[in-house]
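The values are calculated or read from the model by the stated rules, or taken from the named source; none is laboratory data. Being a predicted model, the structure only gives us computed values, none of them experimental. Every residue, glycine as well, gets a Cβ built from its backbone with ideal geometry; the counts of neighbours run over all protein chains shown. The protein model used for the area step is the full one, side chains on, heavy atoms only, and it has no ligands, DNA or RNA in it. Shrake-Rupley method; radii C 1.70, N 1.55, O 1.52, S 1.80 Å.
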Amino acid sequence: MKKLFAYPYVVWISIFIVVPLLLVLYYSLTAVDADGAAYFTLDNYRRFFEASTPGQPFLERIYVSVMLRSIWLALISTAICFVLGYPAAYIMAGKGFSDKSFLLFLFLVPMWMNFLLRTYAWLTILEQNGVLNNLLGFLGIPKLDILYTDAAVVLGMVYNFLPFMILPIYTSLRKTDRSLIEAAQDLGADGIKVFSRVVFPLSIPGVVSGVTMVFMPGVTTFIISNLLGGGQYILIGNLIEQQFLKVGDWRFGSAISVILIILILISMGIFARVDKEPVTTA
Amino acid sequence: MLKKIYLGLMLFFMYAPIIVLMIFSFNASKSRARWGGFTLDWYAELFQDPGIMKALSNTLLIAVFSALAATVIGTLAAIGIELLGSRLKSAVMSVTNLPVMNPDIVTGVSLMILFIFFIRLAGGGGLGFGTLLLSHIIFNVPYVILSVIPKLRRLDGNLYEAAQDLGAPPMKAFLKVVLPEIMPGVVTGMMLAFTLSVDDFVISFFTTGSGVSNLSILIFSMARRGVNPKINALSTLIFLVVLVLLYLINRRDTRNQKKQNAGESILEI
């Protein structure tokens, strides 16, 4: 009797979570013949990795290069977020700031604003005659024309996802046992050694979740690339959107979606491994 | 000192775009390049734009109804899941976590396929307000469950049985004993659901149709046509609403904490 209580929910998730994903898988693995009958095929996946001209190198093939560019831009953004975010989290977690929660709050407030508006704000700044170029012109520095380029997409990702990096690193730094740091100092370690041997290794779980929380939305985004990367700018997310909403090729779109899920699962596996690796103390 | 400068620069980076939007929402000249004097015209135009007002009401209606529905479904589901045996429980939880882990774009297209599949089966209707609302309920339910389950774990199961032993029918025992205990989790889940619904773009983009927009979709289509002062005015208003809401929530939390502290100190006496 008690178990029956969960059954409506089991039906709910079957219809609204399991079946939709199975439908994506089904569409990715089928095609229709001339009579309109569906048959099993791997063609949709083959198309993703296909050469457009004979003998084209694998990495230069059109869809493969889209995937690589998505991974590459997400990696660059993640690296920049780490380089900018770690010191910020470290400073906030350290001594000298009494109102830590208020500082953290200040970093999180912009996250509550609509994601699209935050991205759109950069249009005004980066435009040819935008705020940034007016400022640069005023200072006598040559104009920057980065809107609708890779640089603008990376900037958009860094801006939108930076708090995702700061928050988990800050949390794990705050949890660090201060007596460990003091013990290292008592044993004669200097500031750099305390950081590299004690503080940083202990903050790795925070770094790993920060990296995950920046890389995942970065690699799947299509909004940032659509607004800041201009019309024909393509990441893997844009490719899926186009197949479903513009081209109407659900089968190819589904195949790309499955490839994206596999990509995410692989990167999660890699991140989880880094997290579990024992901290080497030589 | 260096530390303060660094944090200051980072905060400048976070807030500069928002401040720029706010300043230009009062700019009389439509061009962003020069300042044409102070005006409130964009705000007036914003409130007279039927498309924006319709999108705003859609956003709020969907956020309220999807949060309420997801809270009811999610709370009942959380209780059901907690009553399951451990193997089934972990299976159901893994499926529940799928939409949380999956990229939004995959959730979006998978729901779009499902809805169109059903629409073809039913032989009528189309994507629109109904599918938009349903998709928000679907992606909100897991977040409610994840907020309620920790509270259920801390609940003393004997309390419910004690209430029944004292003659309370199951429904009354639930409402008077279980629900008050898990209420903080239920409220957190509902607020989370509301926020996620207001903020969602990707899933909405794929599951709506026939001209039904929420604010995110409308902003997207306006932003693609370039910078528009009306969006600046809208951003300013949204940012102010967010600030006020965050302030109110924070104040409520600190007051609750003070109350708790006061209660504890009384107990200690």
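Assuming A:Arg46 fulfils every condition listed in (1) open to solvent by 70 Å² or more (accessible area, probe 1.4 Å); (2) touching a residue at least 12 places away in the same chain (Cβ under 8 Å); (3) farther than 20 Å from A:Phe222 by Cα apart from one, which condition is it?
(2)
Looking only at region A:228-242, which residues are modelled with pLDDT of 90 or more and either touching a Pro at 6+ places or on another chain (Cβ under 7 Å) or open to solvent by 10 Å² or more (accessible area, probe 1.4 Å) (or both)?
The answer is A:Gln242, and nothing else.
What about A:Gly191, is it within 11 Å of chain B (Cβ to nearest Cβ), open to solvent by 10 Å² or more (accessible area, probe 1.4 Å) and not aromatic (Phe, Trp, Tyr)?
On the way: within 11 Å of chain B (Cβ to nearest Cβ): no; open to solvent by 10 Å² or more (accessible area, probe 1.4 Å): yes; not aromatic (Phe, Trp, Tyr): yes.
Judged against the criteria, A:Gly191 is not a match.
Among the residues of region A:217-226, are any in contact with an Asp or Glu (Cβ under 9 Å, 6 or more places away or on another chain) and among the polar types (S, T, N, Q)?
Step one: filter region A:217-226 for residues in contact with an Asp or Glu (Cβ under 9 Å, 6 or more places away or on another chain), giving A:217, A:220, A:222, A:226.
From what is left, the residues that are among the polar types (S, T, N, Q) are A:220, A:226.
The answer is yes; a qualifying residue exists.
Give region B:122-166 a look and list any residue that's of a type in the set (Asp, Glu) and either closer than 28 Å to B:Leu192 by Cα or touching an Asp or Glu at 6+ places or on another chain (Cβ under 7 Å) (or both), or say none.
Applying the first criterion (of a type in the set (Asp, Glu)) to region B:122-166 yields B:156, B:161, B:165.
Across region B:122-166, the qualifying residue is only B:Asp156.
Can we say A:Ile125 is modelled with pLDDT of 90 or more and either of a type outside the set (Phe, Trp, Tyr) or out of contact with any Lys or Arg (no Cβ under 6 Å at 6 or more places or on another chain) (or both)? If you could, list the steps in order and put the result at the bottom.
Numbers: modelled with pLDDT of 90 or more: no; either of a type outside the set (Phe, Trp, Tyr) or out of contact with any Lys or Arg (no Cβ under 6 Å at 6 or more places or on another chain) (or both): yes.
Spelling it out, it is not the case that A:Ile125 is modelled with pLDDT of 90 or more and either of a type outside the set (Phe, Trp, Tyr) or out of contact with any Lys or Arg (no Cβ under 6 Å at 6 or more places or on another chain) (or both).
(1) among the charged types (D, E, K, R); (2) in contact with a helix residue (DSSP H, G or I) (Cβ under 7 Å, 6 or more places away or on another chain); (3) without any contact (Cβ under 8 Å) to a residue 12 or more places away in the chain: which one isn't true of A:Asp275, the others all being true?
Condition (3) is where A:Asp275 drops out.
Looking only at region B:225-256, how many residues end up being at pLDDT below 85, more than 7 Å from every other protein chain (Cβ to nearest Cβ) and over 16 Å from B:Thr39 (Cα atoms)?
13
Taking into account only those residues within region A:244-259 that are of a type in the set (A, V, I, L, M) and modelled with pLDDT of 95 or more, which is nearest to A:Ile71 (Cα to Cα)? Lay out the reasoning, then the answer.
The initial filter retains those residues of region A:244-259 that are of a type in the set (A, V, I, L, M), namely A:245, A:247, A:255-256, A:258-259.
Filter again for modelled with pLDDT of 95 or more, leaving A:255-256, A:258-259.
On the way: A:Ala255: 18, A:Ile256: 14, A:Val258: 16, A:Ile259: 13 Å.
Residue satisfying both the conditions and the ranking: A:Ile259.
Given (1) over 27 Å from A:Leu25 (Cβ atoms); (2) open to solvent by less than 50 Å² (accessible area, probe 1.4 Å); (3) in a helix (DSSP H, G or I); (4) in contact with a helix residue (DSSP H, G or I) (Cβ under 7 Å, 6 or more places away or on another chain), where does A:Ser267 come up short, assuming only one miss?
Here A:Ser267 meets the rest and fails (1).
Output the number of the condition that A:Ile91 fails; it satisfies all remaining conditions of (1) open to solvent by 10 Å² or more (accessible area, probe 1.4 Å); (2) out of contact with any Lys or Arg (no Cβ under 6 Å at 6 or more places or on another chain); (3) at pLDDT 90 or above.
All conditions pass for A:Ile91, except number (2).
Quick check on my filter: what residues within region A:149-188 are open to solvent by 60 Å² or more (accessible area, probe 1.4 Å) and under 15 Å from A:Ala74 (Cβ atoms)?
A:Asp150, A:Phe164
Of all residues in region B:89-117, how many are among the β-branched types (Val, Ile, Thr) and either more than 7 Å from chain A (Cβ to nearest Cβ) or touching a Phe, Trp or Tyr at 6+ places or on another chain (Cβ under 6 Å) (or both)? So that I can check it myself, show each step before the final result.
First pass over region B:89-117, keeping only residues among the β-branched types (Val, Ile, Thr): B:92, B:95-96, B:100, B:105-107, B:109, B:113, B:116.
Next, only the ones that are either more than 7 Å from chain A (Cβ to nearest Cβ) or touching a Phe, Trp or Tyr at 6+ places or on another chain (Cβ under 6 Å) (or both) stay: B:100, B:107, B:109, B:116.
Selection size over region B:89-117: 4.
Of the residues that sit in region B:8-17 and are surrounded by fewer than 18 Cβ atoms within 10 Å (Cβ to Cβ) and not aromatic (Phe, Trp, Tyr), which one is farthest from A:Trp122 (Cα to Cα)? Break it down into steps so the answer makes sense when it comes.
Here is the first cut: in region B:8-17, the ones surrounded by fewer than 18 Cβ atoms within 10 Å (Cβ to Cβ) are B:8-9, B:11-13, B:15-16.
Cutting the leftovers down to not aromatic (Phe, Trp, Tyr) gives us B:8-9, B:11, B:16.
Values: B:Gly8: 20, B:Leu9: 17, B:Leu11: 16, B:Ala16: 10 Å.
Looking at residues that are surrounded by fewer than 18 Cβ atoms within 10 Å (Cβ to Cβ) and not aromatic (Phe, Trp, Tyr), I get B:Gly8.
Which of the residues that make up region A:104-120 are within 7 Å of chain B (Cβ to nearest Cβ) and either touching a strand residue (DSSP E or B) at 6+ places or on another chain (Cβ under 6 Å) or among the hydrophobic types (A, V, I, L, M, F, W, C) (or both)?
Correct list: A:Leu106, A:Phe107, A:Val109, A:Trp112, A:Met113, A:Phe115, A:Leu116, A:Leu117.
Looking at region B:167-217, what helices (runs of 4 or more DSSP H) fall wholly within it and have at least 1 residues that are within 12 Å of another protein chain (Cβ to nearest Cβ) and under 29 Å from A:Trp112 (Cβ atoms)? Working first, answer last.
Working: elements: B:170-173, B:179-199, B:202-207.
Because the criterion is at least 1 residues that are within 12 Å of another protein chain (Cβ to nearest Cβ) and under 29 Å from A:Trp112 (Cβ atoms), the helices (runs of 4 or more DSSP H) in region B:167-217 that meet it are B:179-199, B:202-207.
Working only within region A:100-121, note down all residues that are without any contact (Cβ under 8 Å) to a residue 12 or more places away in the chain and hydrophobic (A, V, I, L, M, F, W, C).
Those that are without any contact (Cβ under 8 Å) to a residue 12 or more places away in the chain and hydrophobic (A, V, I, L, M, F, W, C): A:Phe102, A:Leu103, A:Phe105, A:Leu106, A:Val109, A:Trp112, A:Met113, A:Leu117, A:Ala121.
Which residues, counting only those in region A:120-167, are under 24 Å from A:Asn238 (Cβ atoms) and of a type outside the set (A, V, I, L, M, F, W, C)?
Answer for region A:120-167, where residues must be under 24 Å from A:Asn238 (Cβ atoms) and of a type outside the set (A, V, I, L, M, F, W, C): A:Tyr120, A:Thr124, A:Glu127, A:Gln128, A:Gly130, A:Asp145, A:Tyr148, A:Thr149, A:Asp150, A:Gly156, A:Tyr159, A:Asn160.
Checking A:Ser225 against (1) under 13 Å from the mean Cα position of the chain (by Cα); (2) under 26 Å from B:Leu7 (Cα atoms); (3) open to solvent by less than 10 Å² (accessible area, probe 1.4 Å), which single condition isn't satisfied?
(2)
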